[in-house]
Amino acid sequence: MPKRFRSIVRSIAALRLRQSRNWRRMLRPANLRLTGANRGQSYVEMVFTVLGISVVIITAIEGSIILNRGMAVKQLAYQGARYAAANPGFDSSTVLAFVAQAEPSALTQGTIKVSMSPTTTPRTHGSAVSVSVSFTGPTIAVPSVISFPATISATNIAMSQ
C-alpha cells in the first residue's frame, strides 16, 4: 500500500471514531448529562414555576369563596326585604331575627350585621322597606396583586303589601 493511501485510510478511521464518540455522548441518558450547575438551574426553574402556579390557584380559590359569600349576602338581603314587605306589622327585631335564622352555611365563619329602615310599625301599604346585610369574614393571605374585600355588603328594597 502506498504511503498516501495509508494516511487517507487513517484519517477516515479517525473521523469515524470521532463521530462514533460524539454519537455515544449524544445518546447518553439525560440524567447523566445534567450535572452540577445545569441540574441546579432546572430545580430553581421548577421551584419558581410551581410557586407561580400555586399563587394563581390559591387566588382563584379565594376569589370563588368571596364570590360565593357575595351571592349569599345578596340573597339574604333579598329574603329580609321580602319578609319585611310581606309582613308590615312586624317590627325590626322580628325581621332581623328572621334574617339571622336564614343565614346560609357560606356565612358561618364571620359576623353578620343586619339593619332595616324604616323601623316603625305598622308600615303603610306601598311604602319602601330597605334591608341591609353586611358580612365581615376571614380571607386567605394571598401574595397577589388582587386584594380581596374582608367586608361584603348588600341592600335590597321592597314595597310593603
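The values are calculated or read from the model by the stated rules, or taken from the named source; none is laboratory data. Note that the structure is a prediction, hence the values are computed from the model and not measured. Here the Cβ positions follow ideal geometry from the backbone for every residue, glycine too, while neighbour counts run over all protein chains shown.
General observations
- Inter-residue pairs, beta-carbon under 7 Å, first free of Cβ contacts under 8 Å to residues at least 60 places away in the same chain and in the stretch 37-63, second surrounded by 10 or more Cβ atoms within 10 Å (Cβ to Cβ) and not aromatic (Phe, Trp, Tyr), 6+ apart: Ser42/Leu34
- The stretch 104-138: number of residues that are among the charged types (D, E, K, R) and buried (at least 16 other Cβ atoms within 10 Å of the Cβ): 1
- Pro88 being in contact with a Pro (Cβ under 6 Å, 6 or more places away or on another chain), surrounded by 13 or more Cβ atoms within 10 Å (Cβ to Cβ) and more than 30 Å from Thr59 (Cα to Cα): yes
- Of note, Phe98 satisfies the criterion of being surrounded by 12 or more Cβ atoms within 10 Å (Cβ to Cβ) and modelled with pLDDT of 80 or more.
So that you can scan it fast, the table gives a plain yes or no per residue for (1) in contact (Cβ under 8 Å) with a residue 12 or more places away in the chain; (2) touching a Gly at 6+ places or on another chain (Cβ under 8 Å):
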site: Leu76; (1), (2): yes, no
site: Ala85; (1), (2): yes, no
site: Gln109; (1), (2): yes, yes
site: Val114; (1), (2): yes, yes
site: Thr120; (1), (2): no, no
site: Ala154; (1), (2): yes, yes
